[in-house]
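This report concerns only the one structure given below.
The values are calculated or read from the model by the stated rules, or taken from the named source; none is laboratory data. None of these values were measured; they are calculated from a predicted model. Here the Cβ positions follow ideal geometry from the backbone for every residue, glycine too, while neighbour counts run over all protein chains shown.
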Amino acid sequence: MTFQDQIKQGIPSELPSIKKYNPSLNHAPKRKEILSIAEKELAIKNALRYFEKKHHSILAREFAEELNEYGRIYMHRFRPDYKMYARPINEYPGKCMQAKAIMHMIQNNLDYAVAQHPHELITYGGNGAVFQNWAQYLLVMRYLSEMTEDQTLAIYSGHPMGLFPSHKNAPRVVVTNGMMIPNYSQQNDWEKYNALGVTQYGQMTAGSYMYIGPQGIVHGTTITVLNAGRKIAKNGEDLAGKLFLTSGLGGMSGAQPKAGNIAGCITVCAEVNSKITEIRLSQGWIDEKITDLDKLVERVNKAKENKEIISIAYLGNIVEVWEKFDKENVYIDLGSDQTSLHNPWAGGYYPVGISFEDANEMMANKPEVFKEKVQESLRRQASAINKHTAKGTYFFDYGNAFLLESSRAGADIMADNGIDFKYPSYVQDIMGPMCFDYGFGPFRWVCTSANPSDLEKTDAIACEVLQEIMKNSPVEIQQQMVDNIQWIKGAQDNNLVVGSQARILYADAEGRMKIAEAFNNAVKSNEISAPIVLGRDHHDVSGTDSPYRETSNIYDGSKFTADMAIQNVIGDSFRGATWVSIHNGGGVGWGEVINGGFGMVLDGSKEAEKRLKSMLFWDVNNGIARRNWARNEGATFAIKRAMEVEPKLKVTLPNLVDDTLLKDLFN
Ligand SMILES: NC(=O)c1ccc[n+]([C@@H]2O[C@H](COP(=O)([O-])OP(=O)(O)OC[C@H]3O[C@@H](n4cnc5c(N)ncnc54)[C@H](O)[C@@H]3O)[C@@H](O)[C@H]2O)c1
């Protein structure tokens, strides 16, 4: 059967043959036992809804085995045999270009070169799912191949509820992931309701089909490391010979060594998983691997002496490195952590002193003991970090809930006031005031032709647009413009593409709109051979309400509200997005954040031009307006500029209060 026929078929009516477990691939850890027997029966009943009755007796047994063995029902038998990757758009069957573009993006998120646990449909972050099971994938692809321009597909946490009549300007797909009644939004609720097959954790970009491999994060990480370097520079010097210590070589964390190289420092990144370490080595995302702590110290000292730009993976636990470097007096200039602490009890964080295999076994079979070990390890890690910061290290939380989970573990991580943490998050110190408040965020695009020469052309167009804009940019955003132009100029040389022909480029509202318009014109004139998909990370100016990350530099008390993210997704959907998504839990954990995103197809049409202008303007300025209302200076500056350009924009500005007025009010 051809690829197209397989897509159109959806769930096959005859059972495909059983798929063998492939040990050479990276697999999701076994999830903990959480369902009662009655709930397990319900999970099987739920899973069988996708299949004809004649198959139920075989599949019921098989799914029960999966549930017992993996803690989830992935429906492995239904994994398609064709290769999973983003094909050129015209290879997808269908009646609607927008739907074909979405298929391109979905397949990219499940590509073996891109996805962290491809057989479990997990793209990154340990539990960032595209779909819960293979039946959902097959059904969604079939619906997309049938969809016309006056239908919208409603997707509930991976499950396609169905195609509903709508209209040409409506989104083609509306995705919700993990939307829970607030009281049912704890970590264990995810375990339970995901095991039942009724919800999923969509992370930021996995469940919205917008993940573009580690490149998506390299740019943001480069900006973070560069600006962290500017913060610690005493005389404006660069990062040459300075040491950055961190952990994780996974989906996003894997970008750190590459970013360290681009920023020009020595990076040491600890990773406990040998398979992942080998993948990053073979991809050239790290330069060297070391498994012995003494050799690591020796190598780092040599790199410091020679001011080498180098990235070293330490295959082992990060806690060991913090402690060893303290003992051996290796000075760390910049320190962070990118273990997946948004998912601390199910494989996001591996405790020190236990082998990788034993830890996997323990988290499934003795979850309470495992939790204790994680917390003990976090206390040790925090204590070692405190010793380094006392010597001068600049430590920042990388939005992975490290400080939050360490505080919950009772680590010495709270500031004197007992409310704040000792250390800032990278958004409080760097990304928030320098980027998000001005509207700069991780804009991205994908060439659906899958042709590298199209990507090259888009890079050149984007660079030209930014250079033109920079001529009249105010001084407040000049540094951003310089960094972004430098990034796009070096993007081809840095060989960043893994999976689809995609590019990320931090840009503000003006940049995003002008670049998008230029792309649409290039598609129209056939300079670019197929439509372009626009999108962004949820981790952006307006998309995400997350008190310990994206909105951690909001200080008016509203960081625990989620109006901005909800406003954003609703506003995007009626201003022309091709698909929209809203998630619970991306990045920092279930219940800790609401985050949303969009995709938009530029097909060269007049309608696409109208949509991009209307939607991108709102998509960025919504967040700037809110940041401005929270009294963030940069945002007030940026929203005033936006109002000058667009007379129909009228934003409420805050009146600033003289703090001395408040002093004696309640004494
Ligand atoms: N890169 C960014 O810009 C960014 C931004 C915000 C948040 N984050 C957060 O960073 C975290 C990491 O994301 P990811 O996609 O890379 O997740 P991931 O699960 O793919 O990778 C984390 C890696 O850490 C390793 N690890 C866990 N415990 C360890 C330990 N004690 N020592 C050494 N290695 C250990 C794991 O084996 C895994 O490979 C997430 O919580 C994510 O939300 C990243």
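Structure data summary
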item	result
Given (1) within 14 Å of the ligand (Cβ to nearest atom); (2) at pLDDT 95 or above; (3) not hydroxyl-bearing (Ser, Thr, Tyr), index of the condition Arg549 fails	(2)
Residue within segment 354-377 that is farther than 30 Å from Leu35 by Cβ and not hydroxyl-bearing (Ser, Thr, Tyr) present	no
Among (1) on the phi > 0 side of the Ramachandran plot; (2) touching a residue at least 12 places away in the same chain (Cβ under 8 Å), the one test that Asn329 misses	(2)
Gly207 in a loop (DSSP other than H, G, I, E, B) and closer than 30 Å to Thr176 by Cα	yes
Where Gly571 falls short, out of the listed (1) more than 22 Å from Leu153 (Cβ to Cβ); (2) of a type outside the set (Ser, Thr, Tyr); (3) away from the ligand (no atom under 16 Å from the Cβ); (4) surrounded by fewer than 24 Cβ atoms within 10 Å (Cβ to Cβ)	(1)
Flag if Ala115 is closer than 17 Å to Gly202 by Cα and not in a helix (DSSP H, G or I)	yes
Subset tally (residues that are within 16 Å of Arg549 (Cα to Cα) and out of contact with any strand residue (DSSP E or B) (no Cβ under 7 Å at 6 or more places or on another chain)) for segment 396-418	7
Members of segment 537-561 that are part of a loop (DSSP other than H, G, I, E, B) and surrounded by fewer than 21 Cβ atoms within 10 Å (Cβ to Cβ)	Pro547, Tyr555, Asp556, Gly557, Thr561
Residue in segment 597-613 that is nearest to the ligand (Cβ to nearest atom), counting only those that are within 28 Å of Pro182 (Cα to Cα) and in contact with a Ser or Thr (Cβ under 6 Å, 6 or more places away or on another chain)	Gly597
Segment 489-503: number of residues that are at pLDDT 95 or above and touching a Pro at 6+ places or on another chain (Cβ under 9 Å)	1
Residue under evaluation Val330, criteria (1) farther than 27 Å from Asp429 by Cβ; (2) touching a helix residue (DSSP H, G or I) at 6+ places or on another chain (Cβ under 7 Å), criterion not met	(1)
Residues being surrounded by 24 or more Cβ atoms within 10 Å (Cβ to Cβ) and either among the aromatic types (Phe, Trp, Tyr) or under 19 Å from Gly213 (Cα atoms) (or both) - total across segment 260-279	3
Tally, over segment 89-117, of residues that are more than 22 Å from Leu153 (Cα to Cα) and either without any contact (Cβ under 8 Å) to a residue 60 or more places away in the chain or not polar (S, T, N, Q) (or both)	6
Within segment 574-589, tally of residues that are at pLDDT below 95 and either among the aliphatic types (A, V, I, L, M) or away from the ligand (no atom under 12 Å from the Cβ) (or both)	1
Residue check for Cys269: within 13 Å of the ligand (Cβ to nearest atom) and in contact (Cβ under 8 Å) with a residue 40 or more places away in the chain	yes
Selected residue [near the ligand (Cβ under 9 Å from one of its atoms), surrounded by 16 or more Cβ atoms within 10 Å (Cβ to Cβ) and within 26 Å of Leu121 (Cβ to Cβ)] from Gly220, Gly207, Gly213	Gly220
Residue count for segment 225-248, restricted to those that are in contact with a Phe, Trp or Tyr (Cβ under 8 Å, 6 or more places away or on another chain) and assigned to a helix (DSSP H, G or I)	4
Some residue of segment 148-165 being more than 24 Å from Phe574 (Cα to Cα) and either at pLDDT 95 or above or part of a strand (DSSP E or B) (or both)	no
Subset of segment 1-53 [outside any loop (DSSP other than H, G, I, E, B), of a type in the set (A, V, I, L, M, F, W, C) and out of contact with any Gly (no Cβ under 6 Å at 6 or more places or on another chain)]	Phe3, Ile7, Ile37, Ala38, Leu42, Ile44, Leu48
Conditions (1) away from the ligand (no atom under 14 Å from the Cβ); (2) at pLDDT below 95; number of the one not met by Leu139	(2)
Any chance Asn317 is more than 30 Å from Leu67 (Cβ to Cβ) and either over 29 Å from the mean Cα position of the chain (by Cα) or among the hydroxyl-bearing types (Ser, Thr, Tyr) (or both)	no
Count of residues meeting criterion [within 15 Å of the ligand (Cβ to nearest atom) and either touching a Lys or Arg at 6+ places or on another chain (Cβ under 9 Å) or not small (Gly, Ala, Ser) (or both)] in segment 113-136	11
